[in-house]
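The values are calculated or read from the model by the stated rules, or taken from the named source; none is laboratory data. If you're wondering where the values come from, they're calculated on a predicted model, not measured in any experiment. Note that we place each Cβ from the backbone using ideal geometry, even for glycine, and neighbour counts take in every protein chain shown. Ligands, DNA and RNA are stripped out before the accessible areas are found, and what is left, the full protein with its side chains, is counted by its heavy atoms. Shrake-Rupley method; radii C 1.70, N 1.55, O 1.52, S 1.80 Å.
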Amino acid sequence: MAELDTSGGGKKGGGKVRSKKASTRVDLTAMVDLAFLLITFFMLTTTLAKPQAMDLGMPDKDDIKKDQLPVPASRTMSVLLGSKDKLEWFVGEPGKVAPNVDNYGKNGIRKALLDNATRIKQQSGGKDMIVLIKPSDKSDYKNLVDMLDELKIANIQIYAIVDITAAEVESLKRDALY
């Protein structure tokens with residue numbers, strides 16, 4: 001609320017008449033209250049960014065041996081995660097086919113996933129491709145997350161994260177990715 005102060009001026013024994021000066025004083029209490037109410041309202045009504053997470057079902061270590069199913073090599077694409085944000089992939093059994101060195105992104109592993117998924121679906125009578133992700137000791141956690149993102153983008157439904165074998169580590173070393 002605004003208040004007008006009209007005191008001041010007047011006769012003080014000198015005989016001169018001074019004009020009254022009006023000084024204004026604005027009370028900002030209501031304005032501060034309104035600002036805090038608005039801040040509180042907007043803080044309570046806004047939606048904060050929710051973390052995005054991908055569901056990943058992992059089996060118990062004890063149940064792995066007894067529940068293993070045979071995986072046909074003709075439908076299997078193995079992806080070996082190496083160092084320096086690079087990877088190797090091959091379709092079939094390790095050691096029988098030469099691995100391809102690639103990187104992450106739409107012109108790298110995503111293109112390979114899409115091409116191989118289409119080819120395997122045609123060759124196997126409509127059955128989906130199985131992707132085995134094999135992270136090495138030299139790969140980063142970011143690489144695994146990037147690979148899972150690529151699988152999601154390529155709409156690959158069947159995949160597993162498995163341990164890398166010694167022969168596959170040697171393949172990574174041979175291509176300077178370990």
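With θ taken as phi - 60° and the Karplus curve 6.51 cos²θ - 1.76 cosθ + 1.60 applied, the whole-hertz 3J(HN,Hα) list for the range 114-129 is 5, 5, 5, 5, 5, 5, 5, 5, 5, 6, 9, x, x, 7, 7, 6 Hz, x standing for glycine and proline.
Arranged from highest to lowest average of other beta-carbon atoms within 10 Å per residue, in what order do the peptides 124-135, 36-47, 157-168 appear?
124-135, 157-168, 36-47
Residues in the range 31-178 average 69 Å² of solvent-accessible surface per residue, probe 1.4 Å, ligands and nucleic acids excluded. Under a no-solvent Debye model with one identical scatterer per Cα of the range 62-178, what's log10 I(q)/I(0) at q = 0.14, 0.24 Å⁻¹? One equal scatterer on each Cα of the range 62-178 leads to -0.55, -1.52.
3J(HN,Hα) along the range 132-142: 9, 9, 10, x, 9, 5, 8, 7, 8, 5, 4 Hz, from the Karplus curve 6.51 cos²θ - 1.76 cosθ + 1.60 with θ = phi - 60°, whole Hz, x for Gly and Pro. Placing one identical point scatterer on every Cα of the range 91-137 and ignoring solvent, what is log10 I(q)/I(0) from the Debye formula at q = 0.15, 0.29, 0.33 Å⁻¹? For the range 91-137 at q = 0.15, 0.29, 0.33 Å⁻¹, log10 I(q)/I(0) is -0.47, -1.23, -1.22. The 1.4 Å probe gives accessible areas that order Leu34, Leu81, largest first, as Leu34, Leu81.
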